[in-house]
Amino acid sequence: MTVTRLDAAGLPPYLEGLADLLTDTVRGGASIGFLAPLDRAEALAWWRGRADAVAAGALAVWVAHEDGRVAGTVGLALPDKPNSRHRAELVKLMVHREARGRGLGRTLLTTAEEAAAASGITLLHLDTETDSPAEHLYRTAGWTRAGVIPDYAASPDGVLRPTTLYFKRIGERTGARIGERIGGDGRDH
């Protein structure tokens, strides 16, 4: 299994596989923003819609692939506001149902965490459906539960479900101001 970060040029060859992964994930019952049944064309259009964010550097996407097939993905949504450049949101961690149980979810999570820390990000956050299998992964990977929001989003079958918010501190934790950490002169860069 190989994990690759996709840039603007690297995303198009994986769009079909990412669309298949998204439809499989929704079909499997994961609450990731879509209702079932998710049409493959809709999934493909959604992934195509991420291309501008990837090109602009606002979204980092990794894909796990093996033998030409997409087995998983994870993303980091990077804020564009000066006061939040120290954090990122972990988004769309998905593992194809046929690839589960081999540690791929943890590999993708670790890949995103390490890349975030290497780029100076010190805080990650996410939300996930309360009592979902993903919660076990985040808890055992050292994420801290921040709270639960009732009736946050509909599951693929349309039932409103609560979501649990998690965060994780990573990388440098000196308490320095953003300008000091990034540029050293106190100004935002």
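Bear in mind that the values in this text are calculations on the coordinates, not laboratory data. All of these numbers come straight from a predicted model, not from anything done at the bench. Using ideal geometry, Cβ is built from the backbone for each residue, glycine included, and neighbour counts are taken over all protein chains shown.
A few comments on the model shown:
- For the chain, the share of DSSP beta bridges that are antiparallel, to the nearest 5, is 90%.
- Ranking of Asp151, Asp127 by count of other Cβ atoms within 10 Å, fewest first: Asp151, Asp127
- Here the sum of -39500 (n - 2.57) over DSSP H runs of 4 or more residues, divided by the residues of the chain, equals -8500 deg cm²/dmol at 222 nm, to the nearest 500.
- With a Förster radius of 25 Å applied to the beta-carbon distance between Thr140 and Ala53, the computed FRET efficiency rounds to 0.25.
- Taking other Cβ atoms within 10 Å as a rough exposure proxy, His96, His86 sort from fewest to most as His86, His96.
- Taking other Cβ atoms within 10 Å as a rough exposure proxy, Asp7, Asp67 sort from fewest to most as Asp67, Asp7.
- Stretch gain in nm, segment Ala36-Arg106, where the contour uses 0.36 nm per residue and the Cα spacing is subtracted: 22.6 nm
- With R₀ set to 30 Å, the beta-carbon distance separating Tyr152 from Leu123 gives a calculated FRET efficiency near 0.90.
- Entry for percent of Cα pairs over 31 Å apart (calculated from the structure that is shown) out of (1) 11; (2) 22; (3) 16: (3)
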